[in-house]
2 protein chains.
Amino acid sequence: MHIPDETVGRLFIYLRSIRRMLDQDKKVTSSEDLAASCGVRASVIRKDLSYFGRFGKRGVGYDLGALVRDIHAILKLNQMTNAALVGVGNIGRAFLRYPGFKAEGIRIAVAFDKDPRKIGKRIEDVLIEDATTMGERIESEGIHLAIVAVPPSEAQETLYCLAGAGVRGVFSFTPCPPKMPQGVRVTCVDLAMEMASLVYHLEPIRKPVS
Amino acid sequence: MHIPDETVGRLFIYLRSIRRMLDQDKKVTSSEDLAASCGVRASVIRKDLSYFGRFGKRGVGYDLGALVRDIHAILKLNQMTNAALVGVGNIGRAFLRYPGFKAEGIRIAVAFDKDPRKIGKRIEDVLIEDATTMGERIESEGIHLAIVAVPPSEAQETLYCLAGAGVRGVFSFTPCPPKMPQGVRVTCVDLAMEMASLVYHLEPIRKPVS
């Protein structure tokens, strides 16, 4: 079954809303309900859900339990995926303790740092290993997903090493380095720049009087 | 001076590369150098920089020191902006200790949590205050920027409270709540969903054989 990328992106958004409804003990929803809850137009929702054979029954709507099971299966959330963490500073530690990954089937299985004072310690049962061994370890563990929380100056080498070890998806809390390895999907969140961009937009720039 | 939003977004990217060059004691750059370093086409860079009167001299290029000063001024990075932090859990603490904000002129001035065991303590010299007082405190401090790191169930109320207190820019580490207050720019990073999306894309979906 081929589902367009835009639809996949929206399935994650629907899933949040659907889970919230299930938490509130709701059993069914309509495309209009879902639209109000997640900000996507009802017609788009109906089309998206029809890709995997879900059609709301007139006057009844969509069964939330069945919907969430289907979406989980499509998004591969019903399998466990191991991830590597590189850089166990403040941000890295927060990742190790982040409770939200489990529901999405993601588990940080290995962690690496280059600081000898951290190597050998455990956080949330995960052993912090020597960063100089990470390529070998990641390859032998068959890990394809990584979280990067190293200083900017180390981002480039870290990405190359991860790519070489077979990692194909990276979430990075470091500014994107100049060169992205081929075949690796990297999501970079540059905290300082995100904040600076918000500051920039606090006051709209006045257009010159023409 | 009106600069298009897309150009502003790219100025942040150029700035990263320019700072890296300055760290390497470079004095000048060309649009081609910059293009290689940040992955934006040279012709786009030349056009972007011309918006604020920067034109590379043929055979000499752009003066890096002047360029960085101009970009700082345009992006308002040469002024200090106070921010509020709401939610001092693992992620919130990482924010308080994040060293990258200072260079962008951002300072977390106040922090709030609802946990009585945290209220009254200090992290990095910032006092953790009672979250039930945050609206009043943020308004009296004249703060317009906030970082939100509360559990998803508290995101909606937190955003309303911040908007009511005069906040106009929010960076949130919580899934976007269903309703965004008017006039507030919110950047949401949903860690678990970002990771789940990477997992989804690890193996490309096979298109049905037709």
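A few notes on this one:
- Within the range A:163-185, tally of residues that are over 27 Å from B:HIS72 (Cα atoms) and surrounded by 21 or more Cβ atoms within 10 Å (Cβ to Cβ): 4
- Pair list, Cβ < 6 Å and 6+ apart or interchain, from the range A:79-97 residues that are on the phi < 0 side of the Ramachandran plot to residues that are among the acidic types (Asp, Glu): A:VAL88/A:ASP113; A:LEU96/A:GLU124; A:ARG97/A:GLU124
- Hey, B:ALA146 part of a strand (DSSP E or B), of a type outside the set (Ser, Thr, Tyr) and farther than 22 Å from A:ALA35 by Cβ or not: yes
- Unique match (being assigned to a helix (DSSP H, G or I), free of Cβ contacts under 8 Å to residues at least 60 places away in the same chain and more than 8 Å from chain B (Cβ to nearest Cβ)) among A:LEU22, A:LEU11: A:LEU22
- Some residue of the range A:46-67 being within 10 Å of another protein chain (Cβ to nearest Cβ) and either surrounded by 17 or more Cβ atoms within 10 Å (Cβ to Cβ) or under 23 Å from B:ALA192 (Cβ atoms) (or both): no
- Close Cβ contacts (under 8 Å, 6 or more residues apart or on different chains) running from residues in the range B:117-140 that are of a type in the set (Val, Ile, Thr) to residues that are assigned to a helix (DSSP H, G or I) comprise B:ILE123/B:ARG93; B:ILE123/B:LEU96; B:VAL126/B:LEU96; B:ILE138/B:LEU162.
- Residue list for the range B:2-30, filter: of a type in the set (Ser, Thr, Tyr) and under 16 Å from B:ASP63 (Cβ atoms): B:TYR14, B:SER17, B:THR29, B:SER30
- Taken as a whole, the range A:33-42 holds no residue that is surrounded by 14 or more Cβ atoms within 10 Å (Cβ to Cβ), away from every other protein chain (no Cβ under 12 Å), among the acidic types (Asp, Glu) and at negative phi.
- Of residues in the range B:77-87 being surrounded by 15 or more Cβ atoms within 10 Å (Cβ to Cβ) and within 22 Å of B:ALA163 (Cα to Cα), the one farthest from the other protein chains (Cβ to nearest Cβ): B:VAL86
- Among the residues making up the range A:39-78, those that are assigned to a strand (DSSP E or B) and either in contact with a helix residue (DSSP H, G or I) (Cβ under 9 Å, 6 or more places away or on another chain) or touching a residue at least 12 places away in the same chain (Cβ under 8 Å) (or both) are A:GLY61, A:TYR62, A:ASP63.
- In the range A:88-107, the residue that is surrounded by the most Cβ atoms within 10 Å (Cβ to Cβ) out of those that are more than 8 Å from chain B (Cβ to nearest Cβ), in a helix (DSSP H, G or I) and of a type outside the set (D, E, K, R) is A:GLY92.
- Any hit, the range B:116-134, residues being polar (S, T, N, Q), modelled with pLDDT of 95 or more, in the same structural domain as B:LEU162 (by TED's automatic domain parsing) and more than 30 Å from B:SER31 (Cβ to Cβ): yes
- Selection over the range A:174-209 of residues that are at pLDDT below 90, more than 9 Å from chain B (Cβ to nearest Cβ) and under 25 Å from the mean Cα position of the chain (by Cα) gives a count of 6.
The values are calculated or read from the model by the stated rules, or taken from the named source; none is laboratory data. What you are looking at is a predicted structure, and each value in this text was computed from that prediction instead of being measured. We place every Cβ from the backbone using ideal geometry, glycine too, and count neighbours over all the protein chains shown.
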